[in-house]
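Structure record follows, encoded as structure tokens.
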């Protein structure tokens, strides 16, 4: 185990801000609002069947396994080296398209702010690259500096959320809600928007497992992590339900889109209340919250190739930290290069909106597969002997098994939802085939890398 230098560790408030930046994505409320009021019970359902099992699993597995790598190490130690590698491989590669979606989103906000052509793919790529370089540089500087963008992003995000909720309350009090909630359908139809919504909602609640990747860099260890998980859960429920409701008060469902619905609703709400001149500043705070979340996830993601380097699945270069800052610099640089490639490849032959939807599907599918491994390790752990310092939920092993199976079912449904083609897609079967083929390719490449690592000649020294 390699601990970060003491000066680089996160205190309680820093950890809470970091985990909120990782675990609460306010841009997803626009995706939910685009489905209408039926999305509101889905937020509550996902909290119960996914977020709670995920948080309990995170606390249990963090207290049972203390190795570097979080979800990768849990699968490795709980199921076996091959399972651990494939789990970590899928999880880490899924972050690349996720990073690209954030870069596209941020670039779109900047392009809208400067009044440039929103269909200019080269401009999207240029702005995305500039943001990527800045975030990589901040992470290379270490957690002492890398924590500030997530901290600032969390503060900015809460200002934006409270602004949205305040606008919704005022507009509703004036009797000018854009949505008639009393006569709306509260049951989501079985179609593509609902399918992508469930996958997105599960994805929006994900991220708690990253606490296990940072456990050796958090002051107070498990005690701090458990307290932070409770805070993030409460904050998530408020942000997602209150935010989605407010968006539907501000704009009708028909005018909300997955890619531009968030800034559109902000502008419309502020214009309605006579504060339109402040729209650029509020959208700027929203962009800051997105940047903070991206920075937090980017730092967490780099811990996976670092752990794989320790286990010799990657060259030993990736197991190195900067001795002064504690940052896994080679892993960060590798991640930066792959994210840049994903930005380029996702744009090939696609519109910006099409590229964005494809990246979201790839992220949800790739990142949800590892949860099947994680919940299986949790279920198996219920039958294992206790270890010193083990955290267990009320009800002990019985609760652990029930929540593990519940989380696994929610994850499996989210995976299936990514395979539902859009009704607007001219080639629906090909759209599904591309996702399946890309997933199989990722699995085959992972298996090949594992085989090569296990069979490489051992050094005589």
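The values are calculated or read from the model by the stated rules, or taken from the named source; none is laboratory data. All of these numbers come straight from a predicted model, not from anything done at the bench. Using ideal geometry, Cβ is built from the backbone for each residue, glycine included, and neighbour counts are taken over all protein chains shown.
Looking at the structure I just gave you, is residue 171 touching a residue at least 40 places away in the same chain (Cβ under 8 Å) and in contact with a strand residue (DSSP E or B) (Cβ under 7 Å, 6 or more places away or on another chain)?
no
Just one of the numbered conditions (1) touching a residue at least 24 places away in the same chain (Cβ under 8 Å); (2) more than 16 Å from the chain's Cα centre (by Cα); (3) farther than 28 Å from residue 381 by Cβ; (4) surrounded by fewer than 23 Cβ atoms within 10 Å (Cβ to Cβ) is not true of residue 33; which one?
Of the numbered conditions (1) touching a residue at least 24 places away in the same chain (Cβ under 8 Å); (2) more than 16 Å from the chain's Cα centre (by Cα); (3) farther than 28 Å from residue 381 by Cβ; (4) surrounded by fewer than 23 Cβ atoms within 10 Å (Cβ to Cβ), the odd one out for residue 33 is (4).
Any idea which residue in segment 241-258 is modelled with the lowest pLDDT, counting only those that are touching a helix residue (DSSP H, G or I) at 6+ places or on another chain (Cβ under 8 Å) and not in a helix (DSSP H, G or I)?
Looking at the filtered set, the residue picked out is 258.
To keep it simple, each residue is scored yes or no on (1) more than 25 Å from residue 439 (Cβ to Cβ); (2) crowded, with 20+ Cβ neighbours inside 10 Å; (3) out of contact with any strand residue (DSSP E or B) (no Cβ under 9 Å at 6 or more places or on another chain).
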{"residue": "13", "(1), (2), (3)": "yes, no, yes"}
{"residue": "40", "(1), (2), (3)": "yes, yes, yes"}
{"residue": "48", "(1), (2), (3)": "yes, no, yes"}
{"residue": "51", "(1), (2), (3)": "no, yes, yes"}
{"residue": "70", "(1), (2), (3)": "no, yes, yes"}
{"residue": "79", "(1), (2), (3)": "no, no, yes"}
{"residue": "91", "(1), (2), (3)": "no, yes, yes"}
{"residue": "95", "(1), (2), (3)": "no, yes, yes"}
{"residue": "99", "(1), (2), (3)": "no, yes, yes"}
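Out of all the residues in segment 377-389, is one or more more than 21 Å from the chain's Cα centre (by Cα), part of a helix (DSSP H, G or I), without any contact (Cβ under 8 Å) to a residue 60 or more places away in the chain and more than 15 Å from residue 50 (Cβ to Cβ)?
Scanning segment 377-389, I find at least one residue that is more than 21 Å from the chain's Cα centre (by Cα), part of a helix (DSSP H, G or I), without any contact (Cβ under 8 Å) to a residue 60 or more places away in the chain and more than 15 Å from residue 50 (Cβ to Cβ), so the answer is yes.
Among 305, 330, 323, 315, which is the only one that is over 28 Å from residue 156 (Cα atoms) and within 20 Å of the chain's Cα centre (by Cα)?
Residue meeting the stated conditions: 305.
Out of the residues in segment 132-149 that are under 18 Å from the mean Cα position of the chain (by Cα) and modelled with pLDDT of 85 or more, which is surrounded by the most Cβ atoms within 10 Å (Cβ to Cβ)?
Filtering first and then ranking leaves 139.
Which condition does residue 327 not pass, out of (1) surrounded by 21 or more Cβ atoms within 10 Å (Cβ to Cβ); (2) in contact (Cβ under 8 Å) with a residue 40 or more places away in the chain; (3) more than 15 Å from residue 141 (Cα to Cα), if it passes all the others?
Residue 327 satisfies all of (1) surrounded by 21 or more Cβ atoms within 10 Å (Cβ to Cβ); (2) in contact (Cβ under 8 Å) with a residue 40 or more places away in the chain; (3) more than 15 Å from residue 141 (Cα to Cα) except (3).
Could you figure out which of (1) assigned to a helix (DSSP H, G or I); (2) within 21 Å of the chain's Cα centre (by Cα) isn't true of residue 111?
(2)
Grab the helices (runs of 4 or more DSSP H) fully contained in segment 116-234, keeping just those with 1 or more residues being more than 29 Å from residue 375 (Cβ to Cβ).
Correct list: 121-140, 143-146, 148-173.
Going through segment 267-286 one residue at a time, which ones are touching a residue at least 12 places away in the same chain (Cβ under 8 Å) and surrounded by fewer than 23 Cβ atoms within 10 Å (Cβ to Cβ)?
267, 268, 270, 272, 273, 279, 280, 282, 283, 284, 285
Yes or no: residue 359 modelled with pLDDT under 70, farther than 25 Å from residue 60 by Cβ and in a helix (DSSP H, G or I)?
Considered against the rule, which asks whether it is modelled with pLDDT under 70, farther than 25 Å from residue 60 by Cβ and in a helix (DSSP H, G or I), residue 359 comes out as yes.
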